[in-house]
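Enquirer: The structure that follows is given in the form of structure tokens.
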Amino acid sequence: MKRRGTVFALFAYAAIMIGIQLLATGTGHEYYLTQLIMTAYYTLVVLGLCLVMGYAGQISLGHGAFFALGGYTSAVLTTLDLNAQAATPLGRALLHIGVLMSRQSLYGEELTSISPWVAFVAAILLTVVVATLIGYPTLRLHGHYLAMGTLGFGLIVYRLLLGTNFTGSADGISSVPPWQLLPNLVISGSSAHRVPNYYVAWTLTGAALLVILNVVHSRTGRALRSIHGGERAANAMGVNTAAQKLRVFVLSAALAAVAGSFFTHYNAAIGPSEAGVMKSVRYVTLVAAGGMANIWGVLIIGSLLTFLSLRGCFGSFDHAVFGSILILIMTLTPEGPLAPLAAVVRSAWRRLRRRSEQIPGAADDSID
Amino acid sequence: MTASTDGPVRNIAESAELLLEVRNLRRCFGGLVAVDAVNFTIRSGRIKAVIGPNGAGKTTLFNTICGQLAPDAGEICFEGRRITGWPPYRIARLGLSRTFQNLSLFDNMTVLENVMIGCHPWTHAGLVSSVLRLPWQQREERAIVAAARAQLEFVGLAAHADVQVGGLSFGKRRMVELARALATRPRLLLLDEPASGLNTKETEDLAASISRIRDSGITVLLVEHDMSLVMDISDEILVLDYGRPVIDSDPVTVRNDKNVIAIYLGGDFDGAPH
């Protein structure tokens, strides 16, 4: 059954992640984990976009902006100076229940601001509201209106971040505090926390993967693919196409915001370039390179290319390399570079099963 | 005496089984009036055909009934409920399904998945229950697969369930569309030229299928060019010409109507009747 394959693949995912960590630590290349952590968060954005692009067939050029929206919301709220407010009775109560949080600032002063947990929830809520406002009008129309709408949105967010003192203008926001997830688990860029952070990042991405896989193999996932296959017919079969598109777009934007929020705490900083249109285009490219409606392909190709790019393997030709890869994949294997490989594996599997079926009782697992 | 008591009773019976009512429907495209002053009704359990020369407004009429096009005037009632101006997905959920003249299958999906989409109107699982794989969502998913397989069985495509729909012949793809429309559990089924592109054998099978669909309690409205098919299976025929109704009657009356003959043969007898 499909389900068994998914469970197996998730185990393989976990095994590979552990293997990479052990290899990196064992060979003294633990600093690779830093780029791998960032790769995980970017891959989370790409996986969410895959749901919108690959399955529902809608292109969003605003995912960089949603990532930034999540990151900046966390950054702004956790660096607000609320020392004065914390002295009031209400402030003391909020401090007590954990809405506010006190810490030592860079200059050794006591600084009270909003807790990363509250900021995280606020980041998601804000992104959901903004994505709904953009998606509602554009997704009711057929065609590439979402691409246009989100492109404009991305440009606006980038310019606003660049021109607002509140968000640190071109410098962005630094000295974002670490995020105490659990008593002994902190989202922070310090090398002492590198290994746990690696596992947090890839567990988060793995959880998103599971969510997306469950959506894909459901009534909702089918409805999304039917919109891609023919919106008019989908509508005639009772699929509320506008509502389905909006829901999945908002889910995907929220995933980008989650990634942005974690990323900002990990890096302790965020800058306006995260909202840049080139970032959004990069995400779209990675979904296309992974094979569009192919979650595993997008995961593997997306994380591999992101990692190589973060390691600086493409040097100053970064964008050119990405462009070339996209052209090559589109012309040679439009269903993603993993599709031919998957076909080989599948036919080998089928041959193996046929052989085992000839031995009576050897194979009684029904495969769809 | 008997006639006067019979009359009202029969009228009530007739209005009770009135499934679709189209009143004074009008739809224009710019200056072109595609459908004008169209009035007709369909009673439950009947097969009704809409015929007329190319450009008579048959497909426009269909698209307007299904909500794909908004009418410029007039109203449409389904089971006594006014559905004029409703979006297609809401009309589909009421129990009105359709097929498309030029086929509109989801080529990115398998045959079975295409038919499973048809189960959308009577199922409920949403984003949250799918993400959590709740038990009732899993049960519903199994029910969808079973219902879709049953429809494929009905149209004789059970063996092709797991192939990509694009790989099938045109005739088989028409049958997938029929199965998908039936999977919505419609009370009224609209078939837009179901026999176009089919060979003689396939058309015969189609005629048998349509009769069986009617016998299972689903009312059928079809647009068709194949006159022998229309005459064979229809209980009533509505003839359109330049968007206006010419006659709405039983096949024998329609076949012998002077206006219909004039429309189809244009007064001189050198053309085939379609």
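The values are calculated or read from the model by the stated rules, or taken from the named source; none is laboratory data. Computed from a predicted structure; not experimentally measured. FYI the Cβ positions are ideal-geometry reconstructions off the backbone, even for glycines, and counts take in every protein chain you see.
Enquirer: For region A:190-227, name all the residues that are modelled with pLDDT under 95, small (Gly, Ala, Ser) and over 27 Å from B:Met109 (Cα atoms).
Expert: Residues satisfying the conditions are A:Ser190, A:Ser191, A:Ala192.
Enquirer: Now for a different question. Can you find, within region B:141-180, the residue that is farthest from the other protein chains (Cβ to nearest Cβ) among those that are closer than 23 Å to B:Thr200 by Cα and part of a loop (DSSP other than H, G, I, E, B)?
Expert: Of everything passing the filter in region B:141-180, B:Gly156 is farthest from the other protein chains (Cβ to nearest Cβ).
Enquirer: List the pairs whose first member sits in region A:310-324 and is free of Cβ contacts under 8 Å to residues at least 12 places away in the same chain, whose second member is among the acidic types (Asp, Glu), and whose Cβ atoms are under 9 Å apart, counting only residues at least 6 apart or on separate chains?
Expert: Note: pairs meeting the criteria are A:Gly312/A:Asp318.
Enquirer: Can you spot a residue in region B:191-204 that is closer than 30 Å to B:Thr123 by Cβ, surrounded by 15 or more Cβ atoms within 10 Å (Cβ to Cβ), within 14 Å of another protein chain (Cβ to nearest Cβ) and modelled with pLDDT of 90 or more?
Expert: Checked region B:191-204: at least one residue is closer than 30 Å to B:Thr123 by Cβ, surrounded by 15 or more Cβ atoms within 10 Å (Cβ to Cβ), within 14 Å of another protein chain (Cβ to nearest Cβ) and modelled with pLDDT of 90 or more.
Enquirer: For A:Tyr41, which of the numbered conditions (1) surrounded by fewer than 23 Cβ atoms within 10 Å (Cβ to Cβ); (2) of a type in the set (Ser, Thr, Tyr); (3) in contact with a helix residue (DSSP H, G or I) (Cβ under 9 Å, 6 or more places away or on another chain) fails to hold?
Expert: (1)
Each row is one residue, and each column tells you yes or no for (1) outside the structural domain of B:Cys66 (by TED's automatic domain parsing); (2) at pLDDT 90 or above; (3) among the aromatic types (Phe, Trp, Tyr); (4) within 23 Å of B:Gly243 (Cα to Cα).
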site: B:Asn11; (1), (2), (3), (4): yes, no, no, no
site: B:Arg27; (1), (2), (3), (4): no, yes, no, yes
site: B:Val35; (1), (2), (3), (4): no, yes, no, yes
site: B:Thr41; (1), (2), (3), (4): no, yes, no, yes
site: B:Gly45; (1), (2), (3), (4): no, yes, no, no
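Enquirer: Taking B:Phe62 as the residue in question, decide whether it is more than 25 Å from A:Met237 (Cα to Cα) and among the aromatic types (Phe, Trp, Tyr). Before the answer, list the steps.
Expert: Values: more than 25 Å from A:Met237 (Cα to Cα): no; among the aromatic types (Phe, Trp, Tyr): yes.
In short, no.
Enquirer: Now, a different point. In region B:145-200, how many residues are hydroxyl-bearing (Ser, Thr, Tyr) and in contact with a strand residue (DSSP E or B) (Cβ under 6 Å, 6 or more places away or on another chain)? Spell out how you get there, then give the answer.
Expert: Within region B:145-200, the first condition is being hydroxyl-bearing (Ser, Thr, Tyr), and the residues that meet it are B:169, B:184, B:196, B:200.
Adding the requirement that they be in contact with a strand residue (DSSP E or B) (Cβ under 6 Å, 6 or more places away or on another chain) leaves B:184.
Residues meeting the conditions: 1.
Enquirer: Looking at B:Ser196, B:Ser228, which is the one that is more than 30 Å from A:Ala56 (Cα to Cα), small (Gly, Ala, Ser) and either in contact (Cβ under 8 Å) with a residue 24 or more places away in the chain or not in a helix (DSSP H, G or I) (or both)?
Expert: Numbers: B:Ser228 fails: either in contact (Cβ under 8 Å) with a residue 24 or more places away in the chain or not in a helix (DSSP H, G or I) (or both).
Residue meeting the stated conditions: B:Ser196.
Enquirer: Would you mind telling me which numbered condition in (1) more than 19 Å from the chain's Cα centre (by Cα); (2) surrounded by 15 or more Cβ atoms within 10 Å (Cβ to Cβ); (3) among the hydrophobic types (A, V, I, L, M, F, W, C) A:Phe67 fails?
Expert: Against the list (1) more than 19 Å from the chain's Cα centre (by Cα); (2) surrounded by 15 or more Cβ atoms within 10 Å (Cβ to Cβ); (3) among the hydrophobic types (A, V, I, L, M, F, W, C), A:Phe67 comes up short only on (1).
Enquirer: Would you be able to say whether some residue in region A:216-228 is within 14 Å of another protein chain (Cβ to nearest Cβ), in contact with a helix residue (DSSP H, G or I) (Cβ under 6 Å, 6 or more places away or on another chain) and under 26 Å from A:Tyr72 (Cβ atoms)?
Expert: no
Enquirer: Next question. Anything in region A:181-230 that is in contact (Cβ under 8 Å) with a residue 60 or more places away in the chain and basic (Lys, Arg)? List them, or say none.
Expert: Correct list: A:Arg194, A:Arg225.
Enquirer: Identify, please: which residue in region B:30-42 is in contact (Cβ under 8 Å) with a residue 40 or more places away in the chain and surrounded by fewer than 18 Cβ atoms within 10 Å (Cβ to Cβ) and is, among those, nearest to the chain's Cα centre (by Cα)? Please lay out each step first, then the result.
Expert: Of region B:30-42, the ones in contact (Cβ under 8 Å) with a residue 40 or more places away in the chain are B:33-40, B:42.
Restricting the remaining residues to those that are surrounded by fewer than 18 Cβ atoms within 10 Å (Cβ to Cβ) gives B:33, B:37, B:39.
On the way: B:Val33: 23, B:Ala37: 21, B:Asn39: 17 Å.
Within region B:30-42, the match that is nearest to the chain's Cα centre (by Cα) is B:Asn39.
Enquirer: Could you list all residues from region B:88-100 that are more than 7 Å from every other protein chain (Cβ to nearest Cβ) and out of contact with any helix residue (DSSP H, G or I) (no Cβ under 6 Å at 6 or more places or on another chain)?
Expert: B:Arg90, B:Ile91, B:Leu94, B:Gly95, B:Leu96
Enquirer: Residue pairs, Cβ under 9 Å, 6 or more apart or interchain, first in region A:18-36 and free of Cβ contacts under 8 Å to residues at least 12 places away in the same chain, second assigned to a loop (DSSP other than H, G, I, E, B) and surrounded by 11 or more Cβ atoms within 10 Å (Cβ to Cβ). List them.
Expert: Filtered contacts from region A:18-36: no entries.
Enquirer: Restricting attention to region B:106-140, and to residues there that are free of Cβ contacts under 8 Å to residues at least 40 places away in the same chain, surrounded by fewer than 19 Cβ atoms within 10 Å (Cβ to Cβ) and at the interface with chain A (Cβ under 7 Å from one of its Cβ atoms), which single residue is nearest to B:Val176 (Cα to Cα)?
Expert: That would be B:Thr123.
Enquirer: Considering each of A:Ile359, A:Ile329 in turn, give the residue that is modelled with pLDDT under 80 and aliphatic (A, V, I, L, M). Outline the logic, then answer.
Expert: Details: A:Ile329 fails: modelled with pLDDT under 80.
Just a single option satisfies the conditions, and that option is A:Ile359.
Enquirer: I would also like to ask the following. So which of A:Ala170, A:Ala268, A:Ala256 ends up being more than 14 Å from chain B (Cβ to nearest Cβ) and at positive phi?
Expert: A:Ala268
Enquirer: Sort through A:Val298, A:Val239 and tell me the only one that's over 27 Å from A:Leu10 (Cα atoms), crowded, with 23+ Cβ neighbours inside 10 Å and not aromatic (Phe, Trp, Tyr).
Expert: A:Val239
Enquirer: Would you mention how many residues in region B:38-69 are on the phi < 0 side of the Ramachandran plot and within 14 Å of chain A (Cβ to nearest Cβ)?
Expert: So the count comes out to 8.
Enquirer: Being surrounded by fewer than 17 Cβ atoms within 10 Å (Cβ to Cβ) and modelled with pLDDT of 90 or more is true for just one of A:Val176, A:Val129. Which residue is that? Walk me through it before giving the result.
Expert: Details: A:Val176 fails: surrounded by fewer than 17 Cβ atoms within 10 Å (Cβ to Cβ).
A:Val129 is the lone residue from the list that is surrounded by fewer than 17 Cβ atoms within 10 Å (Cβ to Cβ) and modelled with pLDDT of 90 or more.
Enquirer: Answer with yes or no whether A:Ala208 is within 14 Å of chain B (Cβ to nearest Cβ), more than 23 Å from B:Val165 (Cα to Cα) and either part of a helix (DSSP H, G or I) or not small (Gly, Ala, Ser) (or both).
Expert: yes
Enquirer: Please indicate, with yes or no, whether at least one residue in region A:140-156 is polar (S, T, N, Q) and either touching an Asp or Glu at 6+ places or on another chain (Cβ under 9 Å) or in contact (Cβ under 8 Å) with a residue 60 or more places away in the chain (or both).
Expert: yes
Enquirer: Same structure again: Among (1) under 22 Å from the mean Cα position of the chain (by Cα); (2) away from every other protein chain (no Cβ under 14 Å), there is one condition A:Ser191 misses while meeting the rest; what is its number?
Expert: Tallying (1) under 22 Å from the mean Cα position of the chain (by Cα); (2) away from every other protein chain (no Cβ under 14 Å), A:Ser191 fails exactly one: (1).
Enquirer: For region A:188-204, enumerate the residues that are of a type in the set (Gly, Ala, Ser) and assigned to a helix (DSSP H, G or I).
Expert: Listed by number, the residues that qualify are A:Ser191, A:Ala192, A:Ala201.
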